[in-house]
Amino acid sequence: MPRFHCPAPLATGAELDLPPGAARHVQVLRLQPGDGITLFHGGQGAGDPGGEFDATVVKMGRSDVRVLVGAHHAIEREAPRAVHLLAGITANERMDWLVEKATELGVASITPLVAERSVLKLKGERADKKIAHWQAVAVAACEQCGRNRVPVVHPAIDLAGWLRSPGQGVTLPEAQDTQNAARRLLLSLRPGTVPLREATGSGDAQRPMLFLSGPEGGLSPAEEDLALQHGFAPVTLGPRVLRAETAPLAALAALTL
């Protein structure tokens, strides 16, 4: 059954118009009144009932689609561990691919990092448009893979700014508990790194993670030093050098699947 993200409040028995993107998709699929779909809110806040809802198309307009919301199903497909990714911005469509696949692998949030070696530099209106685009990519990936929680794509920021920012771009209520505070890991090629699985340990199966990965060419030595000074532990994925858009996905697979 087709799945659609609907950020409007969802409740059984309610009738509502689908957002423009979902409405266009319904029309492309040539669905008709009486056809069934699945809706999910996708939020992370207390006002989101979570799970997903059955819904039935009741009206097809020229540009709008009205649905009747049916039964709620408390289904969640989230990873047992929340992994928040700080990813160096990669060039062209590679960042789109990274956001899409990270979402499929269960990432909790993504912060695009404006690193010293990032080819793509984002500021102002251009940055806002890119973040909105990447958020839409995450929504589409959730619709495809079955997730009912859309990871937040935070505004682009450099590492020093991220370290200075209140809350540092992620919401981690667990951090109030020292034992359960988010573990900080840095993907690095420098000597002295330990394998990722060794760094996480068997007792960390549900401990939230902050995972920092660089763009093409990696983080600069100064950026790595700054990260280490702020509690990031350097880790390796093995003897092979992976591409900037592949490495964080390999780590996510190891941490969330």
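Of the residues Gly146, Val65, Leu187, the one whose Cα sits farthest towards the positive end of the charge dipole of the chain is Leu187 (charges of +1 on Lys and Arg Cβ, -1 on Asp and Glu Cβ, taken about the Cα centre).
Shown for segment 67-161: the carbon plus sulfur share of the solvent-accessible area, taken with all protein chains present and a 1.4 angstrom probe, equals 56%. Under a Gaussian network description of the chain, with springs only between Cα atoms under 10 Å, the residue in Leu159, Leu29, Leu228 that fluctuates furthest is Leu29. The alpha carbon centroids of segment 179-238 and segment 14-77 are separated by 40 Å. Computed over the chain, the alpha-carbon pair-distance distribution with 10 angstrom bins reads 7, 29, 31, 20, 11, 3, 0, each value a whole percent. When the alpha carbon gyration tensor of segment 70-130 is reduced to an equivalent ellipsoid, the three semi-axes, largest first, read 29, 14, 10 Å. For the chain, the dipole from Cβ point charges (+1 on Lys and Arg, -1 on Asp and Glu) about the Cα centre works out to 400 debye, to the nearest 20. Calculated FRET efficiency, Lys123 to Gln27, Cβ-Cβ distance, R0 = 51 Å: about 0.90 to the nearest 0.05. Per residue, the chain exposes an accessible area of 49 Å² to a 1.4 Å probe, with every protein chain left in place. Most fluctuating residue of Gln229, Gln144, Gln135 in a GNM of the chain with Cα springs under 10 Å: which is it? Result: Gln229 has the largest fluctuation of those listed. Non-local lysine pairs in the chain, meaning eight or more places apart or on different chains, with alpha-carbon distances under 26 Å, amount to 6.
Taking R0 as 22 Å, what's the FRET efficiency between Leu242 and Ala79 from their Cβ-Cβ distance, rounded to 0.05? The formula returns an efficiency of 0.60 here. Look at the dipole of the chain built from charges on Cβ: of His25, Val241, Val114, the Cα furthest out on the positive end belongs to Val241. Computed from Cα atoms alone, the Kirkwood hydrodynamic radius reported for segment 1-98 is 15.1 Å.
Close amide H partners of Val65, meaning residues 5 or more places away or on another chain with modelled amide H under 5 Å apart, are Leu18.
Between the amide H of Gly88 and those of Leu113, Ser213, Gly214, distances stay under 5 Å, these residues lying 5 or more places away or on another chain, with hydrogens modeled in the peptide plane. Relative to the longest principal axis of the Cα atoms of the chain, the long axis of helix 124-145 lies at roughly 70 degrees. Placing unit charges on the Cβ atoms only, positive for Lys and Arg and negative for Asp and Glu, gives segment 1-91 a dipole magnitude near 300 debye about its Cα centre.
Modelled this way, with points 7 Å down the Cα-to-C-beta line, the labels at Glu15 and Leu189 are 6.1 nm from one another. Which residues among segment 118-139 fall inside the zone where the amide N is under 19 Å from a point 7 Å beyond the Cα of Asp48, along Cα→Cβ? Those under the cut-off are 131-139.
Net length available on complete extension from Ser165 to Ala222 is 18.6 nm, with 0.36 nm assigned per residue and the Cα-Cα distance removed. Axis angle, to the nearest 10 degrees, between helix 94-104 and the longest C-alpha principal axis of the chain: 70 degrees. Among Gly218, Gly50, Gly61, the largest mean-square fluctuation in a Gaussian network model of the chain, built with springs joining Cα atoms closer than 10 Å, belongs to Gly61. For segment 203-257, treating each Cα as an identical point scatterer without solvent, what Debye log10 I(q)/I(0) comes out at q = 0.14, 0.19, 0.23 1/Å? Here log10 of I(q) over I(0) equals -0.42, -0.77, -1.07.
The values are calculated or read from the model by the stated rules, or taken from the named source; none is laboratory data. These figures come from a predicted structure and were not determined experimentally. Backbone-built Cβ (ideal geometry, glycine too); neighbour counts: all protein chains shown. Side chains included, ligands, DNA and RNA excluded: accessible areas come from the protein's heavy atoms. Shrake-Rupley method; radii C 1.70, N 1.55, O 1.52, S 1.80 Å.
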